[in-house]
Amino acid sequence: MTEYLTIVSSAGHGLSDFTHKYGIELAPLARSLGLSPEIFEGRAVRIKLDLFARLLQVLSTVTSDECFGLRFGLAHNPGDIGPFGFALMHAPT
């Protein structure tokens with residue numbers, strides 16, 4: 001069922017810079033999962049959610065940071081994911 005779930009590729013915007021802070025190169029890890037690292041810089045492409053989650057899981061393992069995905073989320077600007085991100089930023093809590 002999860003193979004049908006997708007996210008906008010810009011959810012990974014800035015991931016390459018973020019991984020560099022850990023001394024990790026994103027490109028080879030992304031490619032090993034069948035993802036082009038350049039895909040995260042666009043907004044028009046949708047990627048499978050399970051692939052993105054798997055990439056975050058691999059990065060968590062490689063960096064030895066169990067909270068890698070959470071730290072990336074905190075450093076990520078929700079506006080980078082497009083209109084939905086802006087809606088989240090301006091929605092009442």
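Among the residues here, LEU55 does not qualify as in contact with a strand residue (DSSP E or B) (Cβ under 9 Å, 6 or more places away or on another chain), open to solvent by less than 20 Å² (accessible area, probe 1.4 Å) and of a type in the set (A, V, I, L, M, F, W, C).
With respect to the conditions (1) among the acidic types (Asp, Glu); (2) open to solvent by 70 Å² or more (accessible area, probe 1.4 Å); (3) more than 16 Å from VAL8 (Cα to Cα), ASP65 falls short on a single one, namely (2). All conditions but one from (1) in a loop (DSSP other than H, G, I, E, B); (2) hydrophobic (A, V, I, L, M, F, W, C); (3) modelled with pLDDT of 95 or more apply to LEU35; the one that does not is (3). Annotation note: Cβ proximity below 7 Å between a residue of the range 44-60 that is in a helix (DSSP H, G or I) and a residue that is open to solvent by 40 Å² or more (accessible area, probe 1.4 Å) and of a type in the set (Phe, Trp, Tyr) (sequence gap 6+ or interchain) occurs for no pair. Taken over the range 23-74, the criterion of being of a type in the set (Gly, Ala, Ser) and touching a helix residue (DSSP H, G or I) at 6+ places or on another chain (Cβ under 6 Å) is satisfied by ALA27, ALA30, GLY42, SER60, GLY69. Cβ separations smaller than 9 Å between residues 6+ apart or across chains give the following pairs from the range 15-28 residues that are closer than 13 Å to LEU56 by Cα to residues that are among the basic types (Lys, Arg) and part of a helix (DSSP H, G or I): PHE18/ARG71. For the range 21-32, filtering for residues that are of a type outside the set (D, E, K, R), out of contact with any Leu (no Cβ under 8 Å at 6 or more places or on another chain) and either part of a helix (DSSP H, G or I) or under 13 Å from SER10 (Cβ atoms) (or both) leaves 3.
The values are calculated or read from the model by the stated rules, or taken from the named source; none is laboratory data. Nothing here was measured: the structure is a model prediction, and the numbers come from that model. So basically every Cβ, Gly included, is an ideal-geometry build from the backbone, and we count neighbours across all protein chains shown. Surface accessibility is based on the protein's heavy atoms, side chains included, excluding ligands, DNA and RNA. Shrake-Rupley method; radii C 1.70, N 1.55, O 1.52, S 1.80 Å.
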